[in-house]
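Report on the structure given below.
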Amino acid sequence: MTTQGTLFIVSAPSGAGKTSLVKELRSQCNGLAVSVSHTTRAQRPGEEHGRDYYFVNRNEFVSMVDAGEFLEHAQVFDNFYGTAHRTVEAALSRGEDVILEIDWQGARQIRELIVGCQSIFVLPPSQADLEARLSGRGQDDPATIQRRMADAISEMSHYGEYDYLVINDMFEEALTELTAIVAANRLKTRRQAAVHAPLISGLIG
């Protein structure tokens, strides 16, 4: 019997390093799939359709919403983001753990729908550090950066809704903490009992 996988939700303000952490976490943890979200925002240089996001226009996105195809969806800045049911549920049914990068609005929706999901919030070490990271991207003008900072502060105020809190000051330390969270959840008695049923039966049967 295939053991149901665990859904890990990871949220963070823009610039906190969430994407880099998740990318490295996947390289260190076997059986950890990333759910690729749909978005209406423009494709950035170096991004691939189907790998980073499924890039769709607003009409396509609205049609998917109306058809009930999303597990969660939300508006972030001027764009829409959503997670398709089929993407997550297929992986979980195969016994894979799935990691999902979404904002606090989407996290709230998913916690109500999927029992046993684990949520993680990543914070930067300071506002000054976060602003420096946003400025260092060289993609936005000062007014846009200030707007992103205001949105980031609002996002960070929801950290208390999550199961785990990781501070991304030192990247390697934050990565170690994320890896420990995944490992600890895989060692829970319910999951271990299912994975090692023959061994346990032989020991006590």
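The values are calculated or read from the model by the stated rules, or taken from the named source; none is laboratory data. Because the structure is predicted, anything quoted here is derived from the model rather than measured. Glycine also receives a Cβ, built like all others from the backbone with ideal geometry; neighbour counts cover every protein chain displayed.
Of everything in the stretch 40-78, what is touching an Asp or Glu at 6+ places or on another chain (Cβ under 9 Å) and either of a type outside the set (Lys, Arg) or loosely packed, with under 13 Cβ neighbours inside 10 Å (or both)? Give them in sequence order. Talk me through it step by step, then tell me what you get.
Filtering the stretch 40-78 down to residues touching an Asp or Glu at 6+ places or on another chain (Cβ under 9 Å) leaves 40-41, 43-44, 46, 53, 55, 63, 71, 74, 76-77.
Those that are touching an Asp or Glu at 6+ places or on another chain (Cβ under 9 Å) and either of a type outside the set (Lys, Arg) or loosely packed, with under 13 Cβ neighbours inside 10 Å (or both): THR40, GLN43, ARG44, GLY46, TYR53, PHE55, SER63, LEU71, ALA74, VAL76, PHE77.
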Inter-residue pairs, beta-carbon under 8 Å, first within 13 Å of LEU100 (Cα to Cα) and surrounded by fewer than 18 Cβ atoms within 10 Å (Cβ to Cβ) and in the stretch 11-27, second at pLDDT below 95 and of a type in the set (Asp, Glu), 6+ apart: THR19/GLU101
Some residue of the stretch 103-112 being touching a residue at least 12 places away in the same chain (Cβ under 8 Å), of a type in the set (Asp, Glu), closer than 21 Å to LEU21 by Cβ and crowded, with 18+ Cβ neighbours inside 10 Å: yes
Check on ARG111, closer than 27 Å to TYR162 by Cα, among the basic types (Lys, Arg) and modelled with pLDDT under 95: yes
Verdict on PRO124 being buried (at least 18 other Cβ atoms within 10 Å of the Cβ) and not hydrophobic (A, V, I, L, M, F, W, C): yes
Options THR40, THR87, THR19; residue that is modelled with pLDDT of 95 or more and either within 12 Å of the chain's Cα centre (by Cα) or more than 21 Å from LEU175 (Cα to Cα) (or both): THR40
Scan of the stretch 113-145 for residues that are within 15 Å of PRO13 (Cα to Cα), free of Cβ contacts under 8 Å to residues at least 24 places away in the same chain and among the aliphatic types (A, V, I, L, M), ordered by number: ALA128, ALA132, ILE145
